[in-house]
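A.B. asks: This is the structure I want to talk about, given as structure tokens.
The values are calculated or read from the model by the stated rules, or taken from the named source; none is laboratory data. Note that this is a predicted model, so its numbers are computed, not measured. With ideal geometry, Cβ positions are generated from the backbone for all residues, glycine too; neighbour counts draw on all protein chains shown. Each accessible area value is taken on the protein alone, full model and side chains, heavy atoms only, with ligands, DNA and RNA left out. Shrake-Rupley method; radii C 1.70, N 1.55, O 1.52, S 1.80 Å.
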Amino acid sequence: MEKSIQTLKSILANYPDSLNNLTEKQWMYKSNPAKWSKKEVLGHLIDSTQNNIRRFVVAQYDDKLKITYVQDFWVAAANYQNYFTPDLISLWILLNKHLCIVLKNIPGDSGETLCNVGEIRTIVWLAQDYCKHLLHHLHQILDMEPVAYP
């Protein structure tokens, strides 16, 4: 679990300045109406954080609950395209700081607890996958070298 926590802390230390340096025009741009803007991608990362926090907590006490989410519905429901960008970035930062605290408070033996996300995965695996997913989308937002993610 510590590896995922350190990865998240590194992301939080290294990416916010770059996010804050994007113009509103860059945040709002959509290559076509069916694609997400950078704002909507960051909103998707916020939704992912919220859903993973729930997974990490609930999996420790309920082994029968299946926790999935419909990403397009969540992005549309929050209307991230019209969100105030500095608030969106702040929300993303704060939720990920909170996620670090949640991960830190998972007892050592609970990292191997299984969680049903459509597939059965351990909490440790989900935390590592979350970090890969996060980096994949941050690199998309910032037009950086792609990070492979299945």
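A.B. asks: Which residue, 34, 59, 78, tops the fluctuation ranking in a GNM of the chain built on C-alpha contacts under 10 Å?
C.D. replies: With Cα springs under 10 Å in the chain, the top fluctuation among 34, 59, 78 is at 34.
A.B. asks: Okay, moving on. Note the angle between two axes, namely the Cα long axis of helix 85-104 and the longest principal axis of the Cα atoms of the chain, as a number of degrees from 0 to 90, rounded to the nearest 10.
C.D. replies: Taking Cα atoms only, the helix is inclined about 10 degrees.
A.B. asks: Which angle from 0 to 90°, rounded to the nearest 10, does the C-alpha axis of helix 123-141 make with the longest principal axis of the chain?
C.D. replies: Between the helix axis and the principal axis of the chain, the angle is about 10 degrees.
A.B. asks: If the cut-off is 17 Å between C-alpha atoms, which aspartates and glutamates fall inside it for residue 104, apart from same-chain ones fewer than 8 positions away?
C.D. replies: 2, 112, 129
A.B. asks: Which aspartates and glutamates does residue 30 reach when only Cα atoms under 12 Å apart count, and residues fewer than 8 places away in its own chain are ignored?
C.D. replies: Cα-Cα hits under 12 Å: 40.
A.B. asks: Further, regarding this structure: Taking all protein chains in place and a 1.4 Å probe, what share, in percent, of the accessible surface of the chain do carbon and sulfur account for? If you can, show how the numbers build up before the last one.
C.D. replies: Numbers: 4570 of 8470 Å².
For the chain, the apolar C and S fraction of the accessible surface comes to 54 percent.
A.B. asks: Going 7 Å from the Cα of residue 13 toward and past its Cβ, which residues in the range 83-109 have a backbone nitrogen under 18 Å from where you end up?
C.D. replies: Flagged as within label range: 93-94, 96-101, 104.
A.B. asks: Which value, in Å², gives the accessible area per residue of the range 60-150 when a 1.4 Å probe is used on the protein heavy atoms? Could you put the intermediate results ahead of the total?
C.D. replies: Details: 5530 Å² over 91 residues.
Each residue of the range 60-150 exposes 61 Å² on average to a 1.4 Å probe.
A.B. asks: Now for a different question. Using only the Cα atoms, what convex hull volume per residue in Å³ does the range 1-57 have?
C.D. replies: 93 Å³
A.B. asks: Stokes-Einstein diffusion coefficient for the chain at 25 °C in a medium of 0.890 mPa s, Rh from the Kirkwood formula over Cα pairs: what value in µm²/s?
C.D. replies: Working: Rh = 16.0 Å.
Translational diffusion coefficient: 154 µm²/s.
A.B. asks: Please compute the net charge surrounding residue 150, taking Lys and Arg as +1 and Asp and Glu as -1 over other residues with Cβ under 11 Å from its Cβ.
C.D. replies: Working: positive: 132; negative: 129.
So the surrounding residues net to 0.
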